[in-house]
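Asks: Structure in structure tokens, see below.
The values are calculated or read from the model by the stated rules, or taken from the named source; none is laboratory data. Every value quoted in this text rests on a predicted model; they were computed, and no experiment measured them. With ideal geometry, Cβ positions are generated from the backbone for all residues, glycine too; neighbour counts draw on all protein chains shown.
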């Protein structure tokens, strides 16, 4: 064997794998890191989905005009708004807009929503609400754009159009329950 070539193969009896330095971890690091990773994943998924929806908007779709309860004209696309609602709003307001206790107000029966124009609601959604706001009934925080900075005015108009359909649907449900529970007058049959 040539003595000028060093032996680069370590002797298995003396070689040991390098050890990673011990890192002190708190017992709470795992759940916190998991929670942060989940929130980042949700945010990323929402951003990707919103970006794909924006791309589909580039294919000039005509605005949808819908008259809600004869009061306001909504120029948003309720179908597109439903998809966006499912990505941004449902966490606090529930998948049907009925609200989630301790997180978000019910939108289906919201007098606040019913009393405002779409443009007023867009401005509201863009700024959000703090718990100390004098108009807040539940004293909950609503982050600007529902926590989804990718929402633009058009997307918010679409979400509002969807919420208007929820309120319209709720109105139909309420009126059918009222008429079903109304007393029935029994008349006399004539011969």
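Asks: So residue 123 fits all but one of (1) out of contact with any strand residue (DSSP E or B) (no Cβ under 9 Å at 6 or more places or on another chain); (2) at pLDDT 90 or above; (3) over 17 Å from residue 144 (Cβ atoms); (4) surrounded by fewer than 14 Cβ atoms within 10 Å (Cβ to Cβ); what number is the exception?
Replies: Going through (1) out of contact with any strand residue (DSSP E or B) (no Cβ under 9 Å at 6 or more places or on another chain); (2) at pLDDT 90 or above; (3) over 17 Å from residue 144 (Cβ atoms); (4) surrounded by fewer than 14 Cβ atoms within 10 Å (Cβ to Cβ) one by one, residue 123 breaks only (3).
Asks: Okay, moving on. Condition first: out of contact with any strand residue (DSSP E or B) (no Cβ under 8 Å at 6 or more places or on another chain), surrounded by 14 or more Cβ atoms within 10 Å (Cβ to Cβ) and without any contact (Cβ under 8 Å) to a residue 24 or more places away in the chain. Now tell me which residues in the stretch 87-111 satisfy that.
Replies: 90, 98, 99, 100, 106
Asks: While we're looking at this one, here's another question. Mind telling me which of the residues 97, 86 ends up being within 11 Å of the chain's Cα centre (by Cα), within 19 Å of residue 125 (Cβ to Cβ), outside any helix (DSSP H, G or I) and at pLDDT 50 or above?
Replies: Residue meeting the stated conditions: 97.
Asks: Let me ask another. Just to check your reading of the model, which residue among 159, 163 is surrounded by 14 or more Cβ atoms within 10 Å (Cβ to Cβ), modelled with pLDDT of 90 or more, under 12 Å from the mean Cα position of the chain (by Cα) and closer than 16 Å to residue 96 by Cα?
Replies: Selected residue: 159, the only one of 159, 163 that is surrounded by 14 or more Cβ atoms within 10 Å (Cβ to Cβ), modelled with pLDDT of 90 or more, under 12 Å from the mean Cα position of the chain (by Cα) and closer than 16 Å to residue 96 by Cα.
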